[in-house]
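Q: What follows is a structure written as structure tokens; I'll ask about it next.
The values are calculated or read from the model by the stated rules, or taken from the named source; none is laboratory data. Note that the coordinates shown come from a computational prediction; the quantities given were computed from them, not determined experimentally. Here the Cβ is made from the backbone with ideal geometry for all residues, glycine too, and neighbour counts use every protein chain on show. Just the protein is used for accessible areas: all its heavy atoms, side chains included, with ligands, DNA and RNA removed. Shrake-Rupley method; radii C 1.70, N 1.55, O 1.52, S 1.80 Å.
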Amino acid sequence: MSEPGNSPVIPGSQAQHSRPVLWLITLVAVALSLFQLYSAGIEPLGLFYQRSIHLALIMMLAFLMFPVFGPDRPRGAIGWLVDALFFAGAVITGGYLVLYLDEIINRAGFWSQTDIFIGCIATVTVLEASRRAVGLGMTIIGLLAILYAFAGSRGAMPWLGEWLPGILEHRGYGLDRLVGQLYLGQEGIFGLPIGVAATYIFTFVLFGAFLEITGAGKFFIDLAYAATGKQRGGPAKAAVIASAGMGSISGSAIANVVTTGAFTIPLMKRLGYRPHQAGGIEAAASTGGQIMPPLMGAGAFLIAEYTRMPYLEVVKVSILPAIMYFGTVYLFVHIIALKQGMQGMSKDELPQVRDVMGTGWHFLLPLAVLIWLLAINLSPSRVGYYAILTILLVTALRFIIWMVFVGPRQGQPVTASAVMLAVRNGALKVIEGLELGARNAVAVSMACAVAGIIVGVVGLTGLGLKFSAMMMAFSNGHLLLALVMVLLASLVLGMGLPVTASYIVLIVLVGPALTSEFGVPLLIAHLVVFWYSQDSNVTPPIALAGFAGAAIAGSKPMDTGFQAWKFAKGLYLIPLFMVYNPEIITGGPVPLLVWTALTGFLALGAFAAALEGYLFTRMSWPVRLVLVPAMIAVFYPSLMAEIVGAAVMLALIVGNWLASRREMAVG
């Protein structure tokens with residue numbers, strides 16, 4: 001992805017594609033986007049029709065975009081043959097269900113050999129498409145899940161079951177039973193994950209693509225600069241605010257880093273931030289975009305489906321935690337600016353709010369329409385459909401107004417050739433948006449398809465219950481230890497899986513234990529896993545968003561990753577705060593909510609100050625050490641402990657402020 005408003009670098013375009021392949025990619029991508037718009041806003045399709053057609057088109061696109069031997073090598077005769085076979089497998093995977101769905105339903109549980117054969121083709125095709133679009137890690141986990149299902153006394157590989165620890169032992173399943181579960185049932189490839197991807201997620205990814213090509217990214221960045229640029233560390237604060245806006249739209253922390261970081265990181269460096277600090281700040285802020293309403297990451301739609309809650313409810317309860325996260329990053333940025341004696345940018349260097357709003361106010365209308373439609377409980381897919389129509393309509397109307405009224409005043413009269421050129425460019429932009437949306441959705445949909453395989457195996461073998469038993473055994477019934485185990489598991493999974501897939505796998509495995517064994521409310525359990533699944537973007541050794549920031553900042557990737565990890569500490573602390581103070585999610589008396597929110601902000605602010613050793617002035621080591629138990633007390637579910645902890649933190653912070661005033665008086 002490139003700077004907003006310019007032609008974006010589209011996923012998969014780095015491969016050396018020939019012109020016919022590029023045309024075919026565009027054709028399939030546009031067809032996929034149009035199909036999704038049709039089913040979202042005009043004629044909803046049945047469950048299996050929607051999911052099978054979506055997956056078939058996604059896999060066709062994946063095999064066109066990502067050659068079998070990688071993007072840097074020509075396909076060659078063998079490569080073309082392999083890709084053609086898998087392309088045919090993608091067509092067969094979806095086409096067989098569409099053509100023979102009624103017959104398949106009528107013989108449910110008594111599958112024919114053709115059903116099983118096509119199911120095998122579908123499973124192999126899905127795993128290969130995932131390898132190309134998502135990465136080898138996801139495919140390996142899918143294969144391990146299949147092998148685990150085969151292991152056992154009655155499975156296809158009974159010898160493998162002998163190597164399994166006792167708690168993981170199960171009866172084992174044969175090929176027919178497993179393929180029936182994975183391809184022909186509603187708990188496998190075509191289960192809930194791909195169902196959400198084929199309806200809600202794709203529509204909002206497409207909406208983000210249209211916002212991107214129409215220049216919404218630059219509008220949000222300019223607005224952030226206009227609001228914060230004159231403050232100390234202004235570009236860094238603008239990065240935090242712009243990333244909160246753009247990250248919610250882009251659907252990808254890495255894409256957010258590349259998009260907003262191209263503007264913010266060079267300015268942060270010029271102002272005085274060290275390169276690895278600038279890259280880390282952008283990575284931490286961009287990661288937070290995935291938890292920021294109204295358009296949270298793809299996992300938010302899955303949370304709504306898994307918990308059977310309206311998407312709007314998930315959004316509403318996520319507002320306060322998201323503000324707490326960005327407040328923490330913002331405070332880190334401010335403290336560093338104070339420590340290093342930075343100033344803001346001059347007025348002449350900054351855009352004016354009036355000018356920014358004058359040129360980009362129309363980008364706020366689609367977001368307003370989106371929020372309003374969610375508020376009246378319209379289906380998320382229908383909301384995305386109308387939001388896309390709105391962005392196209394307001395962009396077209398704004399251009400018409402410019403041509404009719406503004407252009408002639410500036411000496412650019414309306415002519416037939418100018419109108420034809422405008423129509424042509426507008427049509428090309430629409431096609432570009434349709435293609436970009438489809439390309440951006442490939443990785444998410446393929447991750448969801450393989451996640452369906454894992455979910456299917458977990459349901460078939462009862463692995464989720466076994467994991468619950470293991471969590472109880474290893475944590476000895478202590479909730480904090482169990483949460484640490486979830487965090488470590490998310491980090492390990494995040495090294496090989498994208499965020500959405502990591503969330504699905506984790507919630508299927510550890511969700512039952514958190515809710516049934518430890519009594520964590522269902523929604524909070526999902527939010528905790530969703531937040532922890534983001535950590536692979538900012539946690540070394542695989543800090544993907546941090547590495548993207550390092551590439552722009554020209555810093556060492558690992559140093560930048562550690563900075564991102566420091567600035568994004570809210571990802572680890574705020575979920576703990578949700579668990580031990582559930583009223584901020586589940587609700588409660590207003591005085592209790594206000595108290596909990598204030599103490600939460602106070603603890604996170606004290607944490608940032610203690611970690612940096614600075615707030616209004618430098619903090620001594622004894623003060624920083626005393627702040628630690630005071631912060632822990634605020635997290636502890638006891639009102640008296642919270643009061644004592646808050647009082648200690650306030651006293652130390654006021655003391656730091658008084659010390660700064662004395663230093664200023666002496667100076």
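One line per residue, one yes/no per condition, for (1) touching a residue at least 24 places away in the same chain (Cβ under 8 Å); (2) basic (Lys, Arg); (3) open to solvent by 80 Å² or more (accessible area, probe 1.4 Å):
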site: VAL590; (1), (2), (3): no, no, yes
site: LEU593; (1), (2), (3): no, no, no
site: MET631; (1), (2), (3): yes, no, no
site: PHE635; (1), (2), (3): yes, no, no
site: ILE653; (1), (2), (3): yes, no, no
site: ALA659; (1), (2), (3): yes, no, no
site: ALA665; (1), (2), (3): no, no, yes
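One line per residue, one yes/no per condition, for (1) open to solvent by less than 10 Å² (accessible area, probe 1.4 Å); (2) farther than 15 Å from ALA145 by Cα:
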| site | (1), (2) |
| --- | --- |
| LEU164 | no, no |
| HIS170 | no, no |
| ASP176 | no, yes |
| PRO193 | yes, yes |
| ALA197 | yes, yes |
| THR203 | yes, yes |
| ALA209 | yes, yes |
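Q: Output the residues belonging to the range 113-129 that are within 31 Å of the chain's Cα centre (by Cα) and of a type in the set (D, E, K, R).
A: Answer for the range 113-129, where residues must be within 31 Å of the chain's Cα centre (by Cα) and of a type in the set (D, E, K, R): just GLU128.
Q: Please return the ranges of helices (runs of 4 or more DSSP H) entirely within the range 511-628 where 1 or more residues are farther than 20 Å from PRO321 by Cα.
A: Working: elements: 522-532, 544-553, 557-567, 570-580, 583-586, 590-612.
Where helices (runs of 4 or more DSSP H) fall fully within the range 511-628 and carry at least 1 residues being farther than 20 Å from PRO321 by Cα, they are 544-553, 557-567, 590-612.
Q: Only one residue in LEU639, LEU615 is loosely packed, with under 13 Cβ neighbours inside 10 Å, at negative phi and modelled with pLDDT under 90. Which one?
A: The conditions single out LEU639.
Q: Consider GLY272 against the criteria (1) touching a Pro at 6+ places or on another chain (Cβ under 7 Å); (2) small (Gly, Ala, Ser); (3) open to solvent by 10 Å² or more (accessible area, probe 1.4 Å): it satisfies all of them except one. Which criterion is unmet?
A: (1)
Q: How many residues are touching a Phe, Trp or Tyr at 6+ places or on another chain (Cβ under 7 Å) and on the phi > 0 side of the Ramachandran plot when one looks only at the range 364-383? Before you say what the answer is, go through the steps one by one.
A: To start, the set of residues in the range 364-383 that are touching a Phe, Trp or Tyr at 6+ places or on another chain (Cβ under 7 Å) comprises 369, 373-374, 380-381.
Imposing the further condition that a residue be on the phi > 0 side of the Ramachandran plot reduces the set to none.
Summing the residues that are touching a Phe, Trp or Tyr at 6+ places or on another chain (Cβ under 7 Å) and on the phi > 0 side of the Ramachandran plot in the range 364-383 gives 0.
Q: Right, next: Give the residue, chosen from LEU99, LEU45, that is assigned to a loop (DSSP other than H, G, I, E, B) and free of Cβ contacts under 8 Å to residues at least 24 places away in the same chain.
A: From the options LEU99, LEU45, the qualifying one is LEU45.
Q: Filter the helices (runs of 4 or more DSSP H) completely within the range 268-385 down to those with at least 3 residues that are in contact with a His (Cβ under 7 Å, 6 or more places away or on another chain).
A: 298-307
Q: Given the structure, is ALA236 aliphatic (A, V, I, L, M) and in contact (Cβ under 8 Å) with a residue 60 or more places away in the chain?
A: Judged against the criteria, ALA236 is a match.
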